[in-house]
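Below is one structure, written out as structure tokens; comments come after it.
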Amino acid sequence: MTSEVPRRGLLDTNIMILRSRIAPEDLPDEMAISAVTLAELSAGPHEVRSDTEQDVYFEATERARRLDVLQRAEHEFDPIPFDADAARAYGRVTAAVIAAGRKPRRRAVDLMIAATAIVAELPLYTTNPDDFVGLDHLVTVIPVTRPEVLDERHSGR
């Protein structure tokens, strides 16, 4: 088996979030995202917790960072829709997850992204390959090394 990166691939949401820190050679030349990923990115700025609820990031900075990721995705990609074919593939994905002894409800969004990759016949790039255990016979999952992300409040910046 070759270690050559496929030319085309679907990016998991975590790749979109971390993409500025991921080496370009670890990603396909032709990248796509699912409408499900765009939905997750759209929700991201609204999920930022206030500075009084956490001490990992500064609220305003984190909201701006998440908006930047969303705006870049909207500008750069025409998302692949989660359509009726993807919905049917989601059924197969759910069956595979259950057969692997896992619970599909916890990872419904991830599994919808996997279903989109199946229908689009694209490998799925992710920094969280464990989210897709049991799907090897349905979709090619390409693990990407997760870059180190510093704790903003305690990094000395």
Computed over the Cα atoms of the range 32-93, the Rg and Dmax in Å are 15.0, 44
Each label sits 7 Å from Cα toward the beta-carbon; between Glu30 and Thr61 the label points are separated, in nm, by 3.9
Given unit charges at Cβ for Lys, Arg (+) and Asp, Glu (-), the dipole magnitude of the chain about its Cα centre in debye, nearest 20, is 460
Here the FRET efficiency for Arg106 versus Ala39, based on Cβ atoms and R0 = 22 Å and rounded to 0.05, is 0.80
Counting sequence-distant residues (5 or more places) and residues on other chains, those with an amide H built under 5 Å from that of Ile142 are Leu124, Tyr125, Thr126
Taking only the alpha-carbon atoms of the range 1-63, the convex hull volume per residue, in cubic angstrom, is 113
Within the range 21-102, DSSP-loop trypsin sites (Lys or Arg not before Pro) with at most 12 other C-beta atoms within 10 Å are Arg49
Taking 40-47, 29-36 and ranking on average Cβ neighbours within 10 Å, highest first, one gets 29-36, 40-47
Mean separation of Cα contacts under 8 Å (at least 6 apart) over the residue count of the chain, i.e. the relative contact order in percent, is 29
HN-Hα couplings for the range 20-26 via Karplus (6.51, -1.76, 1.60; θ = phi - 60°), in whole Hz with x for Gly/Pro, come out as 5, 9, 9, 4, x, 5, 8
Scalar couplings 3J(HN,Hα) for the range 8-15 by Karplus 6.51 cos²θ - 1.76 cosθ + 1.60 (θ = phi - 60°), nearest whole Hz, x for Gly and Pro, are 10, x, 9, 8, 5, 4, 5, 5
With Cα coordinates, the longest principal axis of the chain makes an angle with the long axis of helix 84-99, in degrees rounded to 10, of 90
Against the 2.2 N^0.38 Å rule of thumb, the C-alpha Rg of the range 1-150 sits at a ratio of 1.07
Relative contact order in percent for the range 1-66 (Cα pairs under 8 Å, 6+ apart) equals 30
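Taken together, the values in this text are just the output of simple stated rules run on the coordinates, not laboratory data. Just so it is clear, the model here is predicted, and its values are computed rather than measured. Every residue, glycine among them, receives a Cβ derived from its backbone with ideal geometry; neighbour counts consider all protein chains shown.
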